[in-house]
Amino acid sequence: MNRIFTLVAFLLMATAGFAGWDDGRLSITSMSVNPVRVMVDGRQVQVGNREFQISNLNPGYHRVQIYAVNNNNNNNKRRGIFGNNRDELIYNTNVNIRRGMHTDIVVNRFGKVFVDEQAIDNRNDDWNNRDDRNNGGWGNDRNNDGWGNDRNNRYQPMDYQKFQQLKQSVERSNFDDNKMELLRSVLPNNAVSAQQVKELVQLMSFEQNKLELAKYAYRYTTDRNNYFIVNDAFSYGTSKTELTRYISSYRD
């Protein structure tokens, strides 16, 4: 009997140890002339951008809805490519996100939707240590090495190990607003370098959220003279211009 309990306990610990490392990934790319609006499980996750990605999505069925956004809703003289003046639902399906698989949904230039899938090839990440309960949590540092009590290093950027833990926790968040909420609770007490900001910005899915994070993190950056490298994380020149304008007018 003891052997059975020992075996069951071992299997439970092994299962917990591997939980999350091979969750699914969903990406949506639009090549249509119309921007798209995307909802996942009833939650709007993207508007206007041509592509986005959700990592670490729990395996199972997720409701994915894609709308073609008509920018001429107030102009009856012009109609979108789908022939009406309202956002048109072009895809509405329960998508099976399989463990360890990347599901890619593509909207072509004519509004047709195609779905493909392949295995995720990023197994070198350290997924086994992503449980916040093992690293003290972000705001409750019972072991004196959590993110909430690093005030002694306020003017030094996070060391490599702590920054990698932070990145892993950010990556585990499915949506940009959750990532921002986490970073807003961490950065005020944990300074970062310009290179670290760049890497965090690259974890955001949407351009406007990348810009918001870049602006927010500037005040907590130790080497602001190197902040120009953050521009490499942007896809559009307008974001670089806006960040430069923000920095030039910033006052501590």
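The values are calculated or read from the model by the stated rules, or taken from the named source; none is laboratory data. Here the structure is a predicted model, which is why all the values come from computation and not from measurement. Quick reminder, even Gly has a Cβ in these numbers, built from the backbone with ideal geometry, and neighbours come from all protein chains shown.
Cβ-Cβ under 7 Å, sequence separation 6+ or interchain: first residue in the stretch 183-205 and outside the structural domain of TYR216 (by TED's automatic domain parsing), partner at pLDDT below 95 and among the hydrophobic types (A, V, I, L, M, F, W, C). Which pairs?
none
What's the number of the only condition in (1) among the small types (Gly, Ala, Ser); (2) over 14 Å from the mean Cα position of the chain (by Cα); (3) within 26 Å of PRO59 (Cβ to Cβ) that SER205 fails to meet?
With respect to (1) among the small types (Gly, Ala, Ser); (2) over 14 Å from the mean Cα position of the chain (by Cα); (3) within 26 Å of PRO59 (Cβ to Cβ), SER205 is out only on (2).
Mind checking which residues of the stretch 102-137 are within 27 Å of GLN168 (Cβ to Cβ), part of a loop (DSSP other than H, G, I, E, B) and modelled with pLDDT of 75 or more?
Hit for the stretch 102-137 is ILE120, nothing else.
Scan (1) more than 18 Å from LYS167 (Cα to Cα); (2) in a helix (DSSP H, G or I) for the single condition LEU182 breaks and write down its number.
LEU182 satisfies every listed condition except (1).
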